[in-house]
Amino acid sequence: MKMKEEISTHLEGDWTISTITQRANSLMEFSTQQSEVVLQGLVVNIDCSGIEKIDVSGLQLLYVWLQCMNLKGFRTKLTNISAAMREMLVRMGLHTIFETQHLPLAA
């Protein structure tokens, strides 16, 4: 029986300073659920298509969460990033850190 090599989650809504606590709680819940099934190198596909708004606070939270997931042995991959989110990543200099399924973030 082949073991699962990828799992997915879908991020949605407002990822700005006004909702950061709610977003942190949902990320912690996902991490806790997955902590029992960690296989070294398991890929977590993170679908960002539902993110309506994101600011620096939202990107910082997402960055820290991705780093924590990586420390636990997961490989994280952001997918379906909007043009606005891509632009914010470039402006913050985080585009080289975030792995995506898109063309290079820099123009």
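Here are the numbers for this structure:
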| quantity | calculated |
| --- | --- |
| Any chance L39 is in a loop (DSSP other than H, G, I, E, B) and either modelled with pLDDT under 90 or touching a helix residue (DSSP H, G or I) at 6+ places or on another chain (Cβ under 9 Å) (or both) | yes |
| Qualifying position, being polar (S, T, N, Q), at pLDDT 90 or above, assigned to a strand (DSSP E or B) and within 10 Å of the chain's Cα centre (by Cα), among T9, T76 | T9 |
| Positions within the stretch 51-73 being in a strand (DSSP E or B) and surrounded by 21 or more Cβ atoms within 10 Å (Cβ to Cβ), in sequence order | I51, I54 |
| Residue ID - surrounded by the fewest Cβ atoms within 10 Å (Cβ to Cβ), chosen from residues in the stretch 77-91 that are over 18 Å from D14 (Cβ atoms) and in contact (Cβ under 8 Å) with a residue 24 or more places away in the chain | T79 |
| Near pairs, Cβ below 9 angstrom, 6+ apart or cross-chain, from the stretch 59-76 (in contact (Cβ under 8 Å) with a residue 24 or more places away in the chain and basic (K, R)) to any residue that is surrounded by fewer than 14 Cβ atoms within 10 Å (Cβ to Cβ) and in a helix (DSSP H, G or I) | K72/S35 |
| Within the stretch 54-73, considering residues that are among the polar types (S, T, N, Q) and more than 15 Å from E6 (Cα to Cα), the one modelled with the lowest pLDDT | Q67 |
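The values are calculated or read from the model by the stated rules, or taken from the named source; none is laboratory data. Treat the numbers as computed from the prediction; the structure is a model and nothing was measured. Here the Cβ is made from the backbone with ideal geometry for all residues, glycine too, and neighbour counts use every protein chain on show.
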